[in-house]
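The values are calculated or read from the model by the stated rules, or taken from the named source; none is laboratory data. Just so we're clear, the structure is a prediction, and the values are computed from it rather than from any experiment. Quick reminder, even Gly has a Cβ in these numbers, built from the backbone with ideal geometry, and neighbours come from all protein chains shown. All accessible areas refer to the heavy atoms of the entire protein, side chains included, with ligands and DNA or RNA removed. Shrake-Rupley method; radii C 1.70, N 1.55, O 1.52, S 1.80 Å.
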Amino acid sequence: MQEVLNRSYKGLMNVIDSFANSSASMQYSPSANKKNVEESNYIYAEDNYMDAVLNNPVTSITLRTIANRFYGKQIEEIIQNCSRLSKDNYPKLWESYRYCCSVLNIEKIPILYITSRLKGINALSVEMNKEQIILLSLSAVVMLGEAELHFLLGHELGHIQQGHLIAHTVQGLLEDLNKRAELLGPIITDIVDVPLNRWYRTSEFTADRAGYLCCQDMNAIISLFQRLGLSTSVSSISYLGELSSAHPLSCTRLERLKEYKLKSNI
């Protein structure tokens, strides 16, 4: 365990060094799936400052190495017991998925797997070895209506289109290291975790907008949140706790979506 933590610490320190020392080469370089993102116009206003960091070559390679090392085997094991989506095995879901990709102008369609390893209504987008993948729970396929499913798929596609995946994977690793290392935890929190959490929250708002564009039904989104057990009302104390969390409150997500709906007139 100590060896793993030492390797993680060294990798994270290299990431931090690149944050501090590579500003001269931090120029935005859109990914293949960002070709038409301006036309969609759904990026949340605060969702851009991390792009320069994540597109820095040294930082990007380091984050991918960490992600592949710690999560690659887990993802491979899940995929081995999944069904890869095709027009033959899930024709209705196939059409829904293609529709969502079309709405978001995504030309290189990510692989989608249906799995019973994800419990309940759930979906997860990951990038392993430069391959973009969506994992969708079997329960989501069986239980959700078309509009709800469109939001869920659009949300994950939004994460992929905006290049969120590696940062999300490493954020999960940071959470794990925070729990395991008494010394490393405070360092991560002070230097990396706080700004990354803020970026993570705004990335969820962006992905929610992508989901809304795919379903365009606020009632369906509220219904999905309720199915997931997410509260649509909250106390002021909870709002304070949200500031230090990587996950925005569901009521905040709905508020941001309603604002976007009025602004975009969609």
### Task
Would you mind putting 212-219, 108-115 in packing order, based on average other-beta-carbon counts within 10 Å, highest first?
212-219, 108-115
### Query
Averaged per residue, what accessible surface does the stretch 64-163 expose to a 1.4 Å probe, in Å²?
48 Å²
### Summary
In whole angstrom, the spacing between the Cα centers of the stretch 199-220 and the stretch 131-159 equals 12 Å
